[in-house]
Structures are given as C-alpha cells and as structure tokens.
1. Conditions first: (1) within 30 Å of H315 (Cβ to Cβ); (2) crowded, with 16+ Cβ neighbours inside 10 Å. E225 passes all but one, so which condition is the exception?
2. Of a type outside the set (A, V, I, L, M, F, W, C), assigned to a loop (DSSP other than H, G, I, E, B) and touching a Gly at 6+ places or on another chain (Cβ under 9 Å): is that true of G326 in this structure?
3. I198: within 18 Å of K121 (Cα to Cα), in a loop (DSSP other than H, G, I, E, B) and not basic (K, R), yes or no?
4. Scan the stretch 92-109 and tell me whether some residue there is open to solvent by less than 70 Å² (accessible area, probe 1.4 Å) and either of a type in the set (F, W, Y) or assigned to a helix (DSSP H, G or I) (or both).
5. Within the stretch 117-152, track down each residue that is without any contact (Cβ under 8 Å) to a residue 24 or more places away in the chain and open to solvent by less than 20 Å² (accessible area, probe 1.4 Å).
6. Within the stretch 38-67, how many residues are closer than 18 Å to R131 by Cα, open to solvent by 40 Å² or more (accessible area, probe 1.4 Å) and either among the acidic types (D, E) or assigned to a loop (DSSP other than H, G, I, E, B) (or both)?
7. Confirm whether D322 is surrounded by fewer than 19 Cβ atoms within 10 Å (Cβ to Cβ) and charged (D, E, K, R).
8. Any idea how many residues of the stretch 190-224 are touching an Asp or Glu at 6+ places or on another chain (Cβ under 9 Å), in contact (Cβ under 8 Å) with a residue 60 or more places away in the chain and of a type outside the set (S, T, N, Q)?
Amino acid sequence: MAKKVTLHFDPELSVNIEGKHVRDGLSTVLHTGDNLWLSCDERTTIERLTQQQDGSFGNHKSFCLSDYLQLPDSTNSEIDIEGMGMENNYLWLIGSHSLKRKKPRKQESVARQMKRLAQVKSDPNRYLLARVPIYKDKKTDDYTICKECPDPDNPGNMLRAAQLRGSENSNELVEALRNDEHIGPFMHIPGKDNGFDIEGLATSGNKLYLGLRGPVLRGWAIVLEIELEDAGKGLLKLKQAKPDRPYKKHFLHLKGKGIRELRIMGNDMYILAGPTMDLDGVIAVYRWRNAIHVADETMVHTADLERLCEVPHGHGEETGKDKAEGLAVYDEHNLMVVFDSPRDNRKVGEHSVTGDIIKVD
C-alpha cells in the first residue's frame, strides 16, 4: 500500500464561486524544495503549500495568474491547467488546449439532453502555454513567483513572464498541429472524445515535453517535444524542430492509455497514464529510460517501457472517483500522485486531502 501524505488547504482560499473545493479538482502537482505547487482545473490560480514538521503540507498561498500574464480572454475564467514544470528559474504552465462537449442533464427533456450533447465549446484560456519567473525567497525559504525579476543565477539578466503568441482560441502550436498527419484530424474533437488534449508537461534544459491524453492512435500515445524563444513584448515563439515543423513527436505504446502527466528524474521520463475517454480504467506509472537523450523522433514500444505500478482508481459504487491527474518527483527514490475527484476516505476534515507516495527505485 502506498504511503500517504496530507495536503492542508486554507478555507478562505479553497472554494470557488461555484462552490467547488480546490481539493476536489487537483490536476497537476510540482515539487520545488519544501513547496508543492498544485492547480485545480476549474481556476485561474495556482496553489502553493509548504512542508510542515510532521511531513504534511500546509500554509496555503494562492497566486492568480492574471496578475502575471495576459490571459487569452482577459478574464478570470478557468485555464484548465494540466501541467507545470520548473527550469532555468522559470515556472512553466500549460492549459489543456482542448475543446469540451456539454454534459446532458437528466432532469431535462430528452431533446434538450441531445442538444446539449451536440454542443462543443472552446474556452480561450485553455490555450495558455506560459512561463513566470520563480525564485527562492531568502527570508522564508519558500519559492515564489513574480512578473519580472533579476535572474538569481545571473543578476545582469532579467527574467520576465511571457506566453506563446496566438489568437483568442488558438496559438502557434495549435495552428502548426492542424496540418499534422497524425494529430490534425483530432483537433476539432473534444478532449474526452479522444480529441486533442494536453495533460502533461515536463521540462529539461530548453526542452518542453507535452504529454497528450488524446489522441491515442491504435494504442499509441504521443509526447510532443518543443522549444520556445522570446518574441518580445511578453510573447514567446516556437523554434523550428524539424525542417517542416516546430515540434517533434514521440509515440509510446501504452496499450491504449493516454498520458495524464509527465515528470523527468535524472535521464528518465516517468509517465502517468490512464484512459483517454471519460471512464474508469487502469491508471499506471511507466518509466522511459534515457528519454532526454533521444535526439530525434522515436517509436517507444511496450517492451522498451517499464511498467512500475498501478495507481488506485474508483470503480463500482465509486465510479468516477480517484482520478489520478498529477505526478511529482517527491525525492530521488519516490514519486507523488494527487487525484481529481478524491474518494471520501482520501479526504481529511473539511479542507484537507491525501496524496500517494510511490517508491520507484
């Protein structure tokens, strides 16, 4: 049985205007020093917790990203943050970039339910790929973010928040992928229908790795590899990765599962994988050894992936519960998993929840 770690959230910061608690929608987690950074997929904020003497995490602080970035729709509507990473004194963030289909409501007429099921919506804030400076506060030992600050490793250089350039419901990455022979046909399909859906972000040097929950092609999941460079005025642009496009593709045979999160430890990539559709199913952690040394695109067959363990998930009477969404490097021997829609036995009191620690080495 996995070891548990408790996350304590501040009652004053934890409930959004729709009444949903942050612990009920955790979508990603990142470990920096004594801090955990978490996001809830229905907010524009990221949450920071600090490790306490008993090993739990608390002292909750919330950061609204509209204070640091120009959100695509200029409001505080949800970003659907699905990945965070830290590299070169920047905190990187990514939205799902996915379309969403409306849910039928049982209390409505059949005709109305069918009409809702035909409606597909695009939320501008989901198309966010951005960075914000992050540094360790010498007074508190906590990591914190800012819009602009000197580089701690090179004070003559300024770090500035920036985001990938694009339009309200798109960006350079989306436009490049529309013509992709594998991904293009899925760009107009909602995420939970095996359409395009980013749910993982890992960083290594100047590289960003994006894990796709969908599409999954005949059992093969996709990791996109990109690099970004400054375009001025708070904007970023994609660097050319191949002669004809600004990204590389890596296909991983995860036996039909899509990618829920990516993390890099040492030279290896760890993959949290589960169903691409909206259903209960096996969620597992895989290791792709020496992934960061792969110079070109690759097909990673099942035999070249280590299946480390399964992660608990809801089923039966608890269908739709304990959906593992976030994966963090806890220490050199362990990973940490956090869950969307946690089961009741994972909740502690009114404002706390547990995550799982998984030994991998």
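1. (1) is the only condition that E225 fails.
2. Numbers: of a type outside the set (A, V, I, L, M, F, W, C): yes; assigned to a loop (DSSP other than H, G, I, E, B): no; touching a Gly at 6+ places or on another chain (Cβ under 9 Å): yes.
The answer is no for G326.
3. Against the criterion (within 18 Å of K121 (Cα to Cα), in a loop (DSSP other than H, G, I, E, B) and not basic (K, R)), I198 does not qualify.
4. yes
5. C149
6. Matching residues across the stretch 38-67 total 1.
7. So D322 does not fit the description; no.
8. Total meeting the criteria: 19.
The values are calculated or read from the model by the stated rules, or taken from the named source; none is laboratory data. All figures in this text were calculated on a predicted structure; none of them were measured in a lab. Ideal geometry is used to build each Cβ from the backbone, glycine not excepted, and the neighbour counts take in all protein chains shown. Heads up: the accessible areas ignore ligands, DNA and RNA and are worked out on the full protein's heavy atoms, side chains in. Shrake-Rupley method; radii C 1.70, N 1.55, O 1.52, S 1.80 Å.
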